[in-house]
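Enquirer: Please read through the structure below; I'll follow up with questions.
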Amino acid sequence: MFALLLAATLNIGVYYTYPPESIVLHNANGKEIAVKTKIDIREAINAILNQAEAIINKEIFDNKSAIKFKLAFTKQWNIKNPPIYKDINIPHAVDVAKIWPLVDELERPAEADVYITLFRPALAYFDSKEGRMKGAAGVAYGNLYFGQQMALQIGLGTPASDGDVSLLLHELGHLLDQGHPSEKLCAETKIIMCPRGRVSIVLDELYKKAWHDFYYQKTGQGFKPSQ
């Protein structure tokens, strides 16, 4: 059995775009409901990070504490007159093409390795194949990833929902240079990097290897699971 001596830490900075006392929860039908709550933003975000961390350590590192997700900071981002795309099918959705340059200009404190911006409204983008705007939430859980920046539409609550946790695991996979599998493969099995329907969390061998490589890059140690 390989004994891990060090933990590889990923420092995550989070911007949120809604009032700290207003958290978006989802009912059984997936419909968004804005609920006033006293849940602490850091507590709610840590709930997602901790659950994702536990899954990675259990499924990939043989229940060892190999990976640590650390919340480096949380900051509210007050956007005045956010760019909204008005469509009967996706009302009040944020226009991705217009919001992303604003996200990209956010300060990136050195204490974070990756930066996540949380949105309450849906995120909409232009689908060049279909020639129309589409709601990213209906296509890929509202997630966007570019370099070290992510923009996510998620519900914050405790306990964290499986959908929110799988979304984070998916986007972190992109951070580790993992792309989307083929449509054929995703039709056969819903592995974590498939772009649709990521509620059941299935980690394939490529995803696991990416985290092994991340661990080695951070610590200089290899990992061999127990036989």
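Enquirer: How long is the gain from Glu183 to Val202 if the chain were fully straight, where each residue apart is worth 0.36 nm and the alpha carbon distance is subtracted? Mind showing how you got there, number by number?
Expert: On the way: separation 19, 0.36 × 19 = 6.84 nm, distance 1.60 nm.
That works out to 5.2 nm of additional length.
Enquirer: Filter Lys75/Lys190; Lys68/Lys98; Lys58/Lys184; Lys184/Lys208 down to the pairs with a C-alpha to C-alpha distance above 23 Å, please. Please report the intermediate quantities before stating the final value.
Expert: Numbers: Lys75/Lys190 34 Å; Lys68/Lys98 34 Å; Lys58/Lys184 28 Å; Lys184/Lys208 21 Å.
Distance filter (> 23 Å) returns Lys75/Lys190; Lys68/Lys98; Lys58/Lys184.
Enquirer: Additional query: Within 10 Å of each residue's Cβ, count the other Cβ atoms and sort Leu206, Leu172 from fewest upward. Can you show the working numbers first?
Expert: Numbers: Leu206 15, Leu172 25.
Arranged by neighbour count, lowest to highest, Leu206, Leu172 become Leu206, Leu172.
Enquirer: Shifting gears a bit: Starting from 0.36 nm per residue, how many nanometres of slack lie between Tyr216 and Asp62 once their C-alpha separation is accounted for? Numbers along the way, then the final one.
Expert: Numbers: separation 154, 0.36 × 154 = 55.44 nm, distance 1.56 nm.
Net length gain for the segment: 53.9 nm.
Enquirer: Here is a follow-up. With a 10 Å radius around each residue's Cβ, average the other Cβ atoms per peptide and rank 77-83, 6-12, highest first.
Expert: Details: 77-83: 11.3, 6-12: 17.0.
Ranking the peptides 77-83, 6-12 by packing returns 6-12, 77-83.
Enquirer: Sticking with this one: Taking 0.36 nm per residue of sequence separation and subtracting the Cα-Cα distance, how much length would be gained by fully extending the chain between Leu176 and Glu107, in nm to one decimal? Don't skip to the end; give the middle numbers.
Expert: Details: separation 69, 0.36 × 69 = 24.84 nm, distance 2.24 nm.
Stretched fully, the Leu176-Glu107 segment lengthens by 22.6 nm.
Enquirer: Evaluate E = 1/(1 + (r/R0)^6) for Leu6 and Asn81, where r is the Cβ-Cβ distance and R0 equals 41 Å; express this FRET efficiency to the nearest 0.05. If you can, show how the numbers build up before the last one.
Expert: Values: r = 47 Å, r/R0 = 1.14.
E between Leu6 and Asn81, to the nearest 0.05, is 0.30.
Any read-out appearing in this document is the output of simple, stated calculations on the displayed coordinates, not a laboratory observation. Computed from a predicted model, the values in this text were never measured in an experiment. So basically every Cβ, Gly included, is an ideal-geometry build from the backbone, and we count neighbours across all protein chains shown.
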